[in-house]
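Everything on this sheet refers to the single structure shown next.
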Amino acid sequence: MQNRKLLEKMKDMFKIIRGEIFDFLAESELDASQPVPRFFSEGALVVSAGKVEEIGYYNNIREKYPDVPCEQYSGKLIVPAFIDTHIHYPQIEIIGSFGCQLVDWLKHYAFPAEKSFKDPVYARALAELFVQELFKNGTASCMAFSTVHKEAVDALFEVASGYNMRMITGLVWMNRHGDAALMDDTKNAYRETRELIERWHKKGRNLYAITPRFAISCDEASLELQGKLHSEFPDTYVQTHLSENDQEVQMIRTLFPEAEDYLEVYEKAGLVTNRAIFAHGIHLSDSELERLAKTGASIAHCPTSNLFLGSGLFGLKRTHEAGVQITIATDVGGGTSFSLLRTLGEAYKVQQLQKYALKPFEAFYRITLGAARALHLDHLMGNFDPGKEADFVVLDGAVTTLQKLRLEFLNRTHSLDVESLLFGLQITGDDRNVVATHVMGEKVYVRF
Ligand SMILES: [Zn+2]
């Protein structure tokens, strides 16, 4: 009787997810360019209370958990859900806006669009669309820019909380060189940021990021106050932009004539820590890279945005060799796709132009376990080690005619393995390849 009760309880508590299971082992951190993969072609995960209980071969797991219900994804690839470390939620409407480079693009498209987010109803509707779009693309966690409006930050945290997804966002600070309607008084921004941190940081899976738009938009006093906040709440993050575009770098020289370089502007304010993610970092000096490496700050490489806005070619190899942690991110709406698969494809091409072949393992590591590590969340997410949160995406590598032909060819020539399958997804994949996305074991998206 006791035994039967125990079995019944197990049935309720556990579920098996069956498919081809792929992730990276923790020792990948030793060299992100050569992460250590783990693959079970006939694999399974056991999930309990939103966390991974076990990973292994399906047959062994089935034997151990004979009556536990099973979700079947046979023949499909199950990988840790993607983590987008740089994206702007209020820019989803202006994706693909024509003809400008960074500074003009912000003025003509981004600033006007962001004004609408003062309205909480509007912000909430767009936050919902934003999160749905993430799930549709296999992304379950993100570090997102919001706007200068606290209503917009509340809306995104509220929507994310409804799905129990990991959301990192924060109030954008800007007190100069922007649209008048988006200028915020620094004291007000400080007060609102404190309130938002107290309301959302570490509540459920939500985490707060102090968010200067970039140093052009924030004067010295504003940056200093943000650094003060970061030291008052040292487990918050910092997210901002760094050295994206030539004109921007030039403006920084004029606005901060005393600073040795761009990074020093943030350093002086106390914003360069191991909890900072700087988007882009294309035009950095050796000294800036060295200092970033020393502090453990990360760079989010956003290839579709860099190409679309003509910002330049990010030197992934150079930056990695300097010891800087790198993630790969979409930067929507300067970036042109929510799909991190498509983004990895563009990252490959950007590196090809610089004679560096970005291997699929390195690429996928930088949007899964590597991204979790950059966020200091690798003890909670990023791979399928037992105890980690069960955020995962189910991928089908053969949804288009060309993908099917490609895989048939590889199979026929005995070259089909998980690396070539992942590379196919990296180069030809997009949201069509996402079969389902799960957050804490629960299905939040399924493709019909
Ligand atoms: Zn950005």
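The values are calculated or read from the model by the stated rules, or taken from the named source; none is laboratory data. In this text, all values refer to a predicted model and were calculated from it rather than measured experimentally. Please note: Cβ atoms are built from the backbone with ideal geometry, for glycine as well, and neighbour counts cover all protein chains shown. Please note that ligands, DNA and RNA were not included when accessible areas were found on the heavy atoms of the full protein model with its side chains. Shrake-Rupley method; radii C 1.70, N 1.55, O 1.52, S 1.80 Å.
So the values come out like this:
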quantity: Flag if Lys136 is more than 15 Å from the ligand (Cβ to nearest atom) and under 24 Å from Val394 (Cβ atoms); calculated: yes
quantity: Which listed residue is surrounded by 24 or more Cβ atoms within 10 Å (Cβ to Cβ), over 26 Å from Tyr208 (Cα atoms) and more than 15 Å from the ligand (Cβ to nearest atom), from Leu341, Leu292, Leu369, Leu313; calculated: Leu341
quantity: Single unsatisfied condition, Ser74 versus (1) open to solvent by 60 Å² or more (accessible area, probe 1.4 Å); (2) of a type in the set (Gly, Ala, Ser); (3) without any contact (Cβ under 8 Å) to a residue 24 or more places away in the chain; calculated: (3)
quantity: Test result for Thr304, within 15 Å of the ligand (Cβ to nearest atom), more than 15 Å from His241 (Cβ to Cβ) and touching a helix residue (DSSP H, G or I) at 6+ places or on another chain (Cβ under 7 Å); calculated: yes
quantity: Yes/no for Val68 being open to solvent by less than 30 Å² (accessible area, probe 1.4 Å), closer than 30 Å to Glu8 by Cβ and either outside the structural domain of Ile326 (by TED's automatic domain parsing) or part of a strand (DSSP E or B) (or both); calculated: yes
quantity: Residue tally, condition within 13 Å of the ligand (Cβ to nearest atom) and out of contact with any helix residue (DSSP H, G or I) (no Cβ under 7 Å at 6 or more places or on another chain), over region 101-133; calculated: 2
quantity: Residues located in region 316-330, provided they are of a type in the set (A, V, I, L, M) and more than 14 Å from the ligand (Cβ to nearest atom); calculated: Leu316, Ala322, Val324, Ile326
quantity: Pair list, Cβ < 6 Å and 6+ apart or interchain, from region 295-322 residues that are closer than 22 Å to Leu271 by Cα and touching a residue at least 12 places away in the same chain (Cβ under 8 Å) to residues that are within 16 Å of the ligand (Cβ to nearest atom) and acidic (Asp, Glu); calculated: Cys302/Asp331
quantity: In region 106-127, residue modelled with the highest pLDDT [restricted to those that are under 22 Å from Ser161 (Cβ atoms) and in contact with a His (Cβ under 8 Å, 6 or more places away or on another chain)]; calculated: Ala123
quantity: Failed item, numbered, when Met167 is tested on (1) at pLDDT 95 or above; (2) part of a helix (DSSP H, G or I); (3) not hydroxyl-bearing (Ser, Thr, Tyr); calculated: (2)
quantity: Candidates Phe98, Phe40, filtered to the one that is part of a loop (DSSP other than H, G, I, E, B), farther than 27 Å from Leu171 by Cβ, over 20 Å from the mean Cα position of the chain (by Cα) and away from the ligand (no atom under 16 Å from the Cβ); calculated: Phe98
quantity: Test: residue in region 237-251 that is more than 15 Å from the ligand (Cβ to nearest atom) and open to solvent by less than 10 Å² (accessible area, probe 1.4 Å); calculated: no
quantity: Checklist (1) part of a helix (DSSP H, G or I); (2) surrounded by fewer than 21 Cβ atoms within 10 Å (Cβ to Cβ) applied to Thr193, failing item; calculated: (2)
quantity: Where Thr330 falls short, out of the listed (1) open to solvent by 10 Å² or more (accessible area, probe 1.4 Å); (2) closer than 24 Å to Phe130 by Cβ; (3) assigned to a loop (DSSP other than H, G, I, E, B); calculated: (1)
quantity: Residue in region 131-140 that is at positive phi, buried (at least 24 other Cβ atoms within 10 Å of the Cβ) and either modelled with pLDDT under 95 or not polar (S, T, N, Q) (or both) present; calculated: yes
quantity: Residue that is farthest from Gln325 (Cα to Cα) [pool: residues in region 347-359 that are open to solvent by 10 Å² or more (accessible area, probe 1.4 Å) and touching a Leu at 6+ places or on another chain (Cβ under 7 Å)]; calculated: Leu353
quantity: Unmet requirement for His177, which otherwise passes all of (1) more than 17 Å from the chain's Cα centre (by Cα); (2) at pLDDT 95 or above; (3) of a type outside the set (A, V, I, L, M, F, W, C); (4) at positive phi; calculated: (2)
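To keep it simple, each residue is scored yes or no on (1) of a type outside the set (S, T, N, Q); (2) over 28 Å from Leu309 (Cβ atoms).
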position: Asn164; (1), (2): no, yes
position: Leu171; (1), (2): yes, no
position: Leu182; (1), (2): yes, no
position: Ala221; (1), (2): yes, yes
position: Glu248; (1), (2): yes, no
position: Met251; (1), (2): yes, no
position: Tyr266; (1), (2): yes, no
position: Gly270; (1), (2): yes, yes
